[in-house]
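> Please find one structure pasted underneath; my questions will follow.
The values are calculated or read from the model by the stated rules, or taken from the named source; none is laboratory data. Please read all numbers here as calculations on a predicted model, not as lab measurements. Cβ placement follows ideal geometry from the backbone for every residue including glycine, while neighbour counts extend to all protein chains displayed. Just the protein is used for accessible areas: all its heavy atoms, side chains included, with ligands, DNA and RNA removed. Shrake-Rupley method; radii C 1.70, N 1.55, O 1.52, S 1.80 Å.
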Amino acid sequence: MRLRVGVSWLDGLLAAMLTVFPLVVVVQEQNFSWITGTLAVLTAAPVALRQIAPVTTVTVILSALLIYWLLGYGEILSGGITVLVGVFTVATLCTARVTALVCAAAMVVVTMVCYNELMPATDWPRLAGSVLFLPGAWMLGEATRRRARRIEMLQAKAAGAAAEERARIARDLHDVVVHHMSVVSMQSGVAAHKLEADPSSARRAIEAAGDASRSALTDLRRMLQVLQINGADSGNQPVGLAAIDELAQQMSAPGHPVDVAVTGAVRQLPAEIDMCAYRVLQESLTNVLKHAGPATARVNVHYGTTTLTLSVTDDGIGAPASPASPLSQGIRGMRERVELCGGDFAAGPSDSGGFAVLVRLPTGTDR
C-alpha cells in the first residue's frame, strides 16, 4: 500500500530545522570541516524527501551517521530523531518486510554508535532505550498505515453506495418517465384516431393522458423531495401494490385491456418489496403497451406465506428483446431491481404466444 503525496513544505521545514542542530553540534565541538558539515547535513536534510523515497531517505541518514562515527567524530545529536522519523515513514508507506529490514539496519547502526559513546559509563538503560525507540516508531507507522487503509476502504464503500443510489434513482426515473409518457403517447394517439368518429372515446383518452401527466409530475416531485431532504421522511412515499387497480385502469385502453387477479392473504408488505413489485408491474404493463401491439395483459398477484409472486402475461406479438432494444433495457432494470431485493426474475416469450414476466419476492413469514 502506498500513500505517497510528494514533497511537502512541512517536510522541508522539518528537514531545515533538524539540519540546524547537527551543524551547531559540529561547530561547538570544533569538528567543523567540509566533511563533517556535509555528513551533518546528510543526517537530517533527506527528511524533506521522506514521502517520495522513504527507504532511500533512511539509508542516506544511517550511512551518514555510520561514516561520521567511523571517522571518529562520535555521534550527531539530531541523528536519532531523523532515524525515528525515517523508520516511521517507511512503516507508513512501505510493506512490513521492507520496514523490518530497514528497522533492523537502523537498530544495528544506532547500537554501534550508542555503544561506543555510552559503554564507558556502562549506561545500559540508555542504550536499550535508544534502540527500542525504533520498534516503537515502526509500530506507530504501522498503525497509521492501517488507519489510512481503513479510511480508503470506507471511502470505497461510500463510493459504491453512492453508485448504487445513483443506479436506483436512474431506475426510478426510468420507471416513472417511461411509464407515464407511454400512457400519454398512447392515449393521445387514441384521441386523435377517435376524435371525429367517437368524440366520447376521444374525450376519455384525453382525460387519461392528462391523469398520466399529472401522475408523472406527482411522482417526480416525490423523488425530488426525497433527494432534497436526504434521508428524512418526505411525508409522501411512493405508491405500492395498494394502487394496483388504479394502475390497471390507467394502462387500459381500447385494444389494450388489463385484467387483474389477486390471490392469497393480502397484507402489508415491507416497503422495499412493495415498491419493487409495483415498479416491475408498472414497467411490464408499459412494455405491453409499447411492444405487444393489440393485446390483453393479465396480471396475477399471489400473496404466499413467505413470498410474493407476480406475473404479467399478454397475448400480443411476443417479439423477443434484442440486447440493444428498449425492451431489453427495461427488462435489465427490472431484473436488477428484483435481485437487489433478493428475489427471482424471469422474462421472455411465452409458449402460447405473447410475452411473460414472472417475479418472486421474499416477504417474510405471515403475521
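> Against the condition under 20 Å from Ile244 (Cβ atoms), open to solvent by 60 Å² or more (accessible area, probe 1.4 Å), modelled with pLDDT under 90 and not in a strand (DSSP E or B), how does Asp351 come out, does it pass?
Numbers: under 20 Å from Ile244 (Cβ atoms): no; open to solvent by 60 Å² or more (accessible area, probe 1.4 Å): yes; modelled with pLDDT under 90: yes; not in a strand (DSSP E or B): yes.
It is false that Asp351 is under 20 Å from Ile244 (Cβ atoms), open to solvent by 60 Å² or more (accessible area, probe 1.4 Å), modelled with pLDDT under 90 and not in a strand (DSSP E or B).
> Suppose the filter is of a type outside the set (Val, Ile, Thr) and at pLDDT below 85; does Ala356 pass it?
no
> Could you identify the single residue in Glu283, Glu272, Glu339 that is modelled with pLDDT under 90 and within 17 Å of Asp245 (Cα to Cα)?
The match here is Glu283.
Listed here are the residues, each with its yes/no results for (1) modelled with pLDDT of 80 or more; (2) open to solvent by less than 40 Å² (accessible area, probe 1.4 Å).
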residue: Trp124; (1), (2): no, no
residue: Met139; (1), (2): yes, no
residue: Arg145; (1), (2): yes, yes
residue: Ile151; (1), (2): yes, no
residue: Ala158; (1), (2): no, no
residue: Ala161; (1), (2): no, no
residue: Ala170; (1), (2): no, no
residue: Asp175; (1), (2): no, yes
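> Also, I was wondering about something else. What's the number of the only condition in (1) modelled with pLDDT of 85 or more; (2) not in a helix (DSSP H, G or I); (3) not aliphatic (A, V, I, L, M) that Glu75 fails to meet?
(1)
> Right, here's the next one. Please find, among Thr263, Thr286, the residue that is open to solvent by less than 60 Å² (accessible area, probe 1.4 Å) and polar (S, T, N, Q).
Thr286
> Looking only at segment 15-26, which residues are aliphatic (A, V, I, L, M) and open to solvent by 60 Å² or more (accessible area, probe 1.4 Å)?
Filtering segment 15-26 for residues aliphatic (A, V, I, L, M) gives 15-18, 20, 23-26.
Answer for segment 15-26, where residues must be aliphatic (A, V, I, L, M) and open to solvent by 60 Å² or more (accessible area, probe 1.4 Å): Met17, Val20, Val24.
> Turning to a different aspect of this structure: What are the residue pairs meeting all of these: first residue in segment 333-348, first residue on the phi > 0 side of the Ramachandran plot and hydrophobic (A, V, I, L, M, F, W, C), second residue assigned to a helix (DSSP H, G or I) and open to solvent by 20 Å² or more (accessible area, probe 1.4 Å), Cβ atoms under 7 Å, and 6 or more apart or on different chains?
If the second residue must be assigned to a helix (DSSP H, G or I) and open to solvent by 20 Å² or more (accessible area, probe 1.4 Å), no pairs are left.
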